[in-house]
Amino acid sequence: MSDSNDMFGNAAPDDEGDDEAGDSQPSAGELEAAGQSALFGGDEVASDPPAVDAVPDPAPVQPPATDTPSTGTPVQPYRVLARKYRPQTFGELIGQEAMVRTLANAIRRNRLAHAFLMTGVRGVGKTSTARLIAKALNCIGPDGQGGPTIDPCGMCEPCVAIAEGRHIDVIEMDAASHTGVDDVREIIEAVRYAAVSARYKIYIIDEVHMLSRNAFNALLKTLEEPPAHVKFLFATTEADKLPVTVLSRCQRFDLRRIPAPMLAGHFEAICDKEDVEAEDEALAMIAAAAEGSVRDGLSILDQAIAHADMDAQGRVTAAQVRDMLGLADNTAQRDLFDAVLNGEGARLLELVDRQFSLGVEPLALLRGAMGLTHRITVAQIAGNADDIPSVEERTAIEGWSQRLTAAQLHRLWQLLLKGFEEVRMAPDPLVAARMALLRVMHASDMPDPGTLAKKLASLPADAPAPATNAAPAPAASDTPPWNALVDRIEDACGIGLAERLRFQVRVVDFAPGRFVYSQAPGISDDPTQELRRALETVLGGAWTVERVEEGGAPTLVEQDEAEKKAQADAIRQAPIVAAAFAAFPDAEMIEGDSRAAAGGGNRNWRR
C-alpha cells in the first residue's frame with residue numbers, strides 16, 4: 001500500500017510524479033483565457049495549449065504591382081514641368097540679372113536688408129526667388145563651414161531641407177488664406193526665439209497684399225525692427241495695394257517679364273532634357289502666348305507635349321500648337337491682311353468664314369491683323385524684318401512696309417483697335433468682326449489729311465484760281481428793300497437772326513457794299529458780325545457793316561406798329577365809327593381777334 005497524501009492534499013516529498021505534476025500546471029495565458037471565456041462565453045479551454053496551426057494566419061495583402069516595381073523603389077508621380085524645372089540656383093533664374101547682381105553684391109559686402117519685397121506679374125519667379133534667398137542665406141556648404149553665398153551648394157542639409165519645403169526655420173505663409181491679425185500675431189510671438197538649426201529664421205509671405213489693414217498695422221513694428229536672426233521675404237503681384245509704410249520698410253525688387261526669345265530658348269533647353277522634339281516656330285508661338293510668364297509658358301508646353309501625335313514620335317509642331325491655342329494660321333493672316341489692303345470684300349468674307357469654321361475666334365483674327373500691322377510698322381522704321389524667322393512672312397512684311405506709308409499704318413492700327421473693342425463687346429463676335437474688317441478695307445485706301453493738302457497744293461496751273469482781291473460789291477439795282485432782304489436772311493440764316501434784325505436795326509445807309517445802322521434804345525446786343533455774314537451769304541461779295549449811335553429809319557417792327565396805329569386812327573375818324581363811339585363811350589375797337597369778335601374771350605360784352 002502506497003503512502004497517501006497529507007491532510008492538505010500535497011504529495012510526499014519523495015513522490016516520483018513531482019516533475020510531471022508541475023508540468024501539468026496551466027500557464028498564466030491559459031488562466032487569463034479561461035477567465036475571459038467564463039466572463040464572455042466561449043469554448044472550453046483545453047488543458048493542453050492549442051496547436052500553432054489551429055487558427056490559420058490571414059493571407060498577406062500583396063500591394064499593387066504598378067506601385068512597387070521589381071526593384072522595390074516606389075514609382076514617383078508625374079510632376080508638371082513648371083514644378084520640375086523650378087530654379088534651384090540663381091544661375092537657373094532667367095531674365096532677372098539686375099536683381100541677382102544686387103543680391104550678390106549685398107551678400108559679399110554683408111549689407112543684407114531685413115525685409116525683401118518681390119513684385120511682378122505671375123510666373124516670373126517671385127516665390128522661387130524668395131526660396132533661393134533663403135537657401136543663399138542659410139547655406140553652410142558641403143563641408144559645413146560655409147557662409148552666406150549667392151551660389152548655394154544645394155547639397156548641405158539646409159539647402160536640401162529648404163528645397164523640399166521641410167526646413168523648420170524657413171516658414172512659408174500664404175497670405176490669401178491667412179489674412180487676419182491672429183495669423184500675424186503668431187509671427188510676432190515666434191520671431192523672439194532664435195533659429196533652431198539655421199543661420200537665419202526666414203518668413204516667406206506669398207501674396208502679401210491679401211493681408212488685412214489691421215494685419216499690416218500689427219506687423220509694422222516687427223517689420224521695422226526685427227531681431228538680427230530674422231528675415232522677411234514678401235511676394236506679391238499687386239504692390240500698389242501694399243501700404244506705403246510697408247513699402248518703405250522693404251528692399252523692393254521688380255521682377256521683369258521674360259522676353260519671348262529668351263523664353264523660347266529656355267523651352268528648347270527643357271525639351272532637350274525631356275527628349276522631346278519641337279519646332280522653333282512652335283516654341284516661338286508658345287513663348288508669345290506666355291506673355292512673359294515662365295510658368296504660363298511651361299504649362300502651355302506641357303499641354304503641347306501631351307497634345308502631340310504619337311505617330312510623329314511626339315514631335316511638337318507649329319500646326320498642333322496653333323490648333324491647340326486657337327490661333328489663326330500665319331498664311332491665313334497674311335491672306336486676310338492682303339484682302340483688306342486690296343479691297344477684295346468677297347475674298348475677305350470667305351477667309352473670315354473659313355477661319356471661323358476651323359475654330360479660330362473672331363478676336364484672334366483681329367489680334368492677328370493688329371500684330372501684322374505692328375510688325376510692318378517696326379520693319380518700316382528698322383528698314384528690314386530680319387527678326388522674323390519665316391522667309392515667306394519676312395518677304396511679305398518687307399513688301400508691305402515699302403508699299404504703305406506711316407500714316408496709313410497708324411490709321412489701320414486705330415481702326416483695328418476700335419474693331420477689336422467692338423468685337424469683344426458685341427453679342428455676335430463673328431458679325432462684328434466682319435463689319436469691322438470691311439470698314440477697315442474701305443478706309444485703307446483713303447488719303448490722310450496731309451495727302452489731301454498736298455494734292456490741293458499741286459493743282460494744275462490752268463485751274464481757276466480764287467480771287468485774291470475783295471469781290472466787287474453788288475450793283476445798286478441788285479440791292480433789295482430792307483424788309484425784303486430780312487425775309488431772305490430768314491430763309492438763309494434762320495428766324496432767330498431775322499427777328500433780331502426786325503426788332504433792333506434802324507437802317508442809316510444801305511448802299512452797295514456798305515451798310516450803316518443804329519439800334520433802338522435799351523438794346524446792348526451787337527449783331528454786326530452776324531449781319532455782315534448774312535449780307536455776304538444772301539447778296540454775295542464783301543460788305544462793310546458799321547454801327548452808329550443814333551439816326552436811321554425806324555425798325556421794321558416800329559414801322560409795322562406805326563402803320564397799324566395810322567390805320568386805327570383812320571377807322572376811328574370814319575363817320576359810322578365816330579357815331580358808335582359817341583353812343584358808347586366805353587366801347588373798344590377789336591382788330592384781328594376773331595374769337596373775341598364772335599363773342600368769346602375774356603371781355604365783358606354786356607357792360
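Summary of computed values
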| read-out | value |
| --- | --- |
| Candidates Ile204, Ile187, Ile162, Ile171 - the one that is open to solvent by less than 40 Å² (accessible area, probe 1.4 Å) and either more than 29 Å from Glu238 (Cα to Cα) or part of a strand (DSSP E or B) (or both) | Ile204 |
| Set Arg502, Arg532: member being open to solvent by less than 60 Å² (accessible area, probe 1.4 Å), among the basic types (Lys, Arg) and part of a helix (DSSP H, G or I) | Arg502 |
| Residue in segment 333-343 that is modelled with pLDDT under 85, within 28 Å of the chain's Cα centre (by Cα), open to solvent by 30 Å² or more (accessible area, probe 1.4 Å) and more than 21 Å from Leu81 (Cβ to Cβ) present | no |
| Ser128 being farther than 25 Å from Ile94 by Cα and small (Gly, Ala, Ser) | no |
| Hey, Ile300 β-branched (Val, Ile, Thr) and open to solvent by 40 Å² or more (accessible area, probe 1.4 Å) or not | no |
| Flag for Val230 being over 26 Å from Gly95 (Cα atoms), among the β-branched types (Val, Ile, Thr), assigned by the TED database to the domain that holds Gly180 and without any contact (Cβ under 8 Å) to a residue 24 or more places away in the chain | no |
| Residues (open to solvent by 60 Å² or more (accessible area, probe 1.4 Å) and in contact with a strand residue (DSSP E or B) (Cβ under 9 Å, 6 or more places away or on another chain)) located in segment 537-557 | Thr544, Glu546, Arg547, Glu549, Glu550, Pro554 |
| Members of segment 92-143 found to be among the hydrophobic types (A, V, I, L, M, F, W, C) and not in a helix (DSSP H, G or I), listed by number | Leu93, Ile94, Leu112, Ala113, Ala115, Phe116, Leu117, Met118, Val121, Val124, Cys139, Ile140 |
| Lone unmet requirement of (1) of a type outside the set (Asp, Glu); (2) open to solvent by 10 Å² or more (accessible area, probe 1.4 Å); (3) out of contact with any strand residue (DSSP E or B) (no Cβ under 6 Å at 6 or more places or on another chain); (4) modelled with pLDDT of 90 or more for Gln145 | (4) |
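The values are calculated or read from the model by the stated rules, or taken from the named source; none is laboratory data. Since the structure is predicted, the reported quantities are computational estimates derived from the model, not experimental observations. Neighbour counts are summed over all protein chains in view; Cβ atoms, including those assigned to glycine, are modelled from backbone coordinates with ideal geometry. The accessibility values were calculated without ligands, DNA or RNA, using every heavy atom of the protein model including side chains. Shrake-Rupley method; radii C 1.70, N 1.55, O 1.52, S 1.80 Å.
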